[in-house]
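Q: Would you mind keeping the following structure in view while I ask a few things?
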Amino acid sequence: MSGSKPVPAPGISAIRAHDDVVLASMALKDGTDRARLSRFHEDIWDLDPAIFHVTARNAFRTIDFSGIACPLERLTAKEYIYAWLNELLPDRAGRLRPLSTRTALATLVRFMAFARQRAGRFDAPLIDQAMLDTYLAELNGRKLQPSRVAECLRPIVQLRRLAPFLTGGG
């Protein structure tokens, strides 16, 4: 079929190059060696060169994708965090701060696990209104504070917002 895009192997990005610099759009600390910055293909990203808070805990200075077993989910998570850190969209929602990446990843992983449980696998095109309603009902059933429910729903909005930068769409 002419005109169709080749489908990449599972876990291979159709959007990002293997060696894209993770902190490409971030202000960096003085003296940072750009050759040593984390690359997209790595499963552990060092965000410290872009974290200026002296009191930030060391655990928040890296983000680890190696705990995500499914190659499609790991790729989605990496593209999601990369895009949110680096892409400037016209909606004025802003970029993700490096110190917030662990929370963003945790809420995305939680939603992907829910979607996998409901559909048998995580795949963005399988997310429909019925699944979202069920997820909201589950969150409300846990008697969470409204602000916590909103935080848990954020990956849904971000998946849609960042869809052009995700191999699997959003």
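Q: Applying the selection to region 91-104, what residues are open to solvent by 70 Å² or more (accessible area, probe 1.4 Å), under 15 Å from I51 (Cα atoms) and in contact (Cβ under 8 Å) with a residue 60 or more places away in the chain? Reasoning before the result, please.
A: Of region 91-104, the ones open to solvent by 70 Å² or more (accessible area, probe 1.4 Å) are 91-92, 95, 97, 102.
Narrowing further to those that are under 15 Å from I51 (Cα atoms): 95, 97, 102.
Once the filter is applied, which keeps residues that are open to solvent by 70 Å² or more (accessible area, probe 1.4 Å), under 15 Å from I51 (Cα atoms) and in contact (Cβ under 8 Å) with a residue 60 or more places away in the chain, region 91-104 yields only R95.
Q: When you scan region 123-135, do you find a residue that is out of contact with any Cys (no Cβ under 7 Å at 6 or more places or on another chain), surrounded by 15 or more Cβ atoms within 10 Å (Cβ to Cβ), among the hydrophobic types (A, V, I, L, M, F, W, C) and outside any helix (DSSP H, G or I), even just one?
A: Yes - at least one qualifying residue is present in region 123-135.
Q: Now for a different question. Inspect all residues belonging to region 105-114 and state whether any of them is farther than 19 Å from G168 by Cβ, out of contact with any Ser or Thr (no Cβ under 7 Å at 6 or more places or on another chain) and open to solvent by less than 70 Å² (accessible area, probe 1.4 Å).
A: Residues of region 105-114 farther than 19 Å from G168 by Cβ: 106.
Add one more test, that the residue is out of contact with any Ser or Thr (no Cβ under 7 Å at 6 or more places or on another chain), and what stays is 106.
If we keep only those that are open to solvent by less than 70 Å² (accessible area, probe 1.4 Å) too, we end up with 106.
Looking for residues that are farther than 19 Å from G168 by Cβ, out of contact with any Ser or Thr (no Cβ under 7 Å at 6 or more places or on another chain) and open to solvent by less than 70 Å² (accessible area, probe 1.4 Å), one finds at least one in region 105-114, hence yes.
Q: Continuing with the same structure: In region 136-156, which residues are in a helix (DSSP H, G or I), of a type in the set (A, V, I, L, M, F, W, C) and over 23 Å from L72 (Cα atoms)? It would help to see each step written out before you state the result.
A: Filtering region 136-156 down to residues in a helix (DSSP H, G or I) leaves 136-141, 146-156.
Then keep just the ones that are of a type in the set (A, V, I, L, M, F, W, C); that gives 136-137, 139, 149-150, 152-153, 156.
L136, A137, L139, V149, A150, listed by residue number.
Q: A follow-up question, please. Within the group L72, L88, which residue is outside any loop (DSSP other than H, G, I, E, B), touching a residue at least 12 places away in the same chain (Cβ under 8 Å) and open to solvent by 30 Å² or more (accessible area, probe 1.4 Å)?
A: Numbers: L88 fails: outside any loop (DSSP other than H, G, I, E, B).
Step by step, each of L72, L88 is checked, and only L72 is outside any loop (DSSP other than H, G, I, E, B), touching a residue at least 12 places away in the same chain (Cβ under 8 Å) and open to solvent by 30 Å² or more (accessible area, probe 1.4 Å).
One line per residue, one yes/no per condition, for (1) closer than 21 Å to A150 by Cα; (2) part of a helix (DSSP H, G or I):
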{"residue": "A56", "(1), (2)": "no, no"}
{"residue": "A59", "(1), (2)": "no, yes"}
{"residue": "A93", "(1), (2)": "yes, no"}
{"residue": "R102", "(1), (2)": "yes, yes"}
{"residue": "A113", "(1), (2)": "yes, yes"}
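Q: How many residues does region 29-51 hold that are open to solvent by less than 30 Å² (accessible area, probe 1.4 Å) and more than 17 Å from the chain's Cα centre (by Cα)? Show your work before the answer.
A: Let us first name the residues in region 29-51 that are open to solvent by less than 30 Å² (accessible area, probe 1.4 Å), namely 37-38, 40, 45, 47, 49-51.
Right, trim to more than 17 Å from the chain's Cα centre (by Cα) and you get 37, 49-51.
Qualifying residue count for the region: 4.
For (1) in a helix (DSSP H, G or I); (2) out of contact with any Lys or Arg (no Cβ under 7 Å at 6 or more places or on another chain); (3) of a type in the set (D, E), each residue gets a yes or a no:
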| site | (1), (2), (3) |
| --- | --- |
| D30 | no, yes, yes |
| P49 | yes, no, no |
| S66 | no, yes, no |
| I81 | yes, yes, no |
| W84 | yes, no, no |
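Q: Can you tell me which residue within region 52-66, out of those that are touching a residue at least 40 places away in the same chain (Cβ under 8 Å) and open to solvent by 50 Å² or more (accessible area, probe 1.4 Å), is farthest from R116 (Cα to Cα)? Explain how you work it out, then say what you get.
A: In the first step, residues of region 52-66 are kept if they are touching a residue at least 40 places away in the same chain (Cβ under 8 Å); the result is 53, 56, 59-60, 63, 65.
Remaining after also requiring open to solvent by 50 Å² or more (accessible area, probe 1.4 Å): 53, 60.
Numbers: H53: 36, F60: 27 Å.
Out of the qualifying residues, it is H53.
The values are calculated or read from the model by the stated rules, or taken from the named source; none is laboratory data. On a predicted model such as this, the values are computed, not experimentally measured, just so you know. Here Cβ is always computed from backbone atoms with ideal geometry, including for glycine, and neighbour counts include all displayed protein chains. Surface areas here come from the heavy atoms of the whole protein model, side chains and all, with no ligands, DNA or RNA. Shrake-Rupley method; radii C 1.70, N 1.55, O 1.52, S 1.80 Å.
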